[in-house]
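Contents: one structure, followed by commentary.
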Amino acid sequence: MAHPRSRRRKPNKGGMALGRNLMVLGAIVLAFGTYGVFRGAMTLKWPHTAATITSAELLRQRGSTSTQNGIREDSWNTFHVLYRYTVGDQEYVGGGIEPYDYGMQNSAGAVRMAERYPTGSVSNVAYDPRDPAIAYLEPGPSSFASMLAGIGSFIALVGFWVRRKAAAGIGTMNQPGATEDIAKSLSDRNRF
């Protein structure tokens, strides 16, 4: 048997503001990710042509950051490629790998791309029929755009959840009686 609430909790305004801010941040990240995913998906319908890889470099980059324990060394891989392809009787040089990747590249993915596209090999590229100078080795939504869409969705949903809980008055820790409310809710839960 459910017990009716003896008093209605006041909404937690700080929690509601935090929830709103998380929802806005999540919506912005989701918008960038969704845009990249949809635009990348459009490249799946583009025509393909053979391309010769003229230059393929796997670059190992290094950086260092100072921490409390000293200097920490970081390293990551980036892949740069150039390829030559022909559309009609016009020859083009391209360097695009994934559409709408926002300049981001996965280090492990860069190593796989270097193995897949060695210099001198022939591969298919998808090119824009309206502007054949735009081409990609791997058409479709980029992994980074998909990741942005997923992270943005998660942040927005967490913001929505925080806002709902704050509207119910949950999360008011610094007000008189907050500790007693928590103890009461824990003891009520143990009864059932």
Residue satisfying condition, being of a type in the set (Ser, Thr, Tyr) and either in contact with a Cys (Cβ under 9 Å, 6 or more places away or on another chain) or in a helix (DSSP H, G or I) (or both), within set 49, 65, 34, 54: 34
Among residues of the stretch 120-136, those that are surrounded by fewer than 21 Cβ atoms within 10 Å (Cβ to Cβ) and out of contact with any Ser or Thr (no Cβ under 6 Å at 6 or more places or on another chain), counted: 11
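Out of curiosity, is residue 43 in contact (Cβ under 8 Å) with a residue 12 or more places away in the chain, among the β-branched types (Val, Ile, Thr) and under 25 Å from residue 143 (Cβ atoms)?
The answer is yes for residue 43.
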Within the stretch 71-99, tally of residues that are touching a residue at least 12 places away in the same chain (Cβ under 8 Å) and outside any loop (DSSP other than H, G, I, E, B): 18
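Of 100, 92, which residue is within 30 Å of residue 149 (Cα to Cα), touching a Pro at 6+ places or on another chain (Cβ under 9 Å) and assigned by TED's automatic domain parsing to the domain that holds residue 132? Working first, answer last.
Numbers: 92 fails: within 30 Å of residue 149 (Cα to Cα).
The match here is 100.
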Checklist (1) assigned to a loop (DSSP other than H, G, I, E, B); (2) exposed (fewer than 11 other Cβ atoms within 10 Å of the Cβ) applied to residue 102, failing item: (2)
Condition check for residue 119: in a loop (DSSP other than H, G, I, E, B) and either more than 28 Å from the chain's Cα centre (by Cα) or among the aliphatic types (A, V, I, L, M) (or both): yes
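The values are calculated or read from the model by the stated rules, or taken from the named source; none is laboratory data. None of these values were measured; they are calculated from a predicted model. Glycine also receives a Cβ, built like all others from the backbone with ideal geometry; neighbour counts cover every protein chain displayed.
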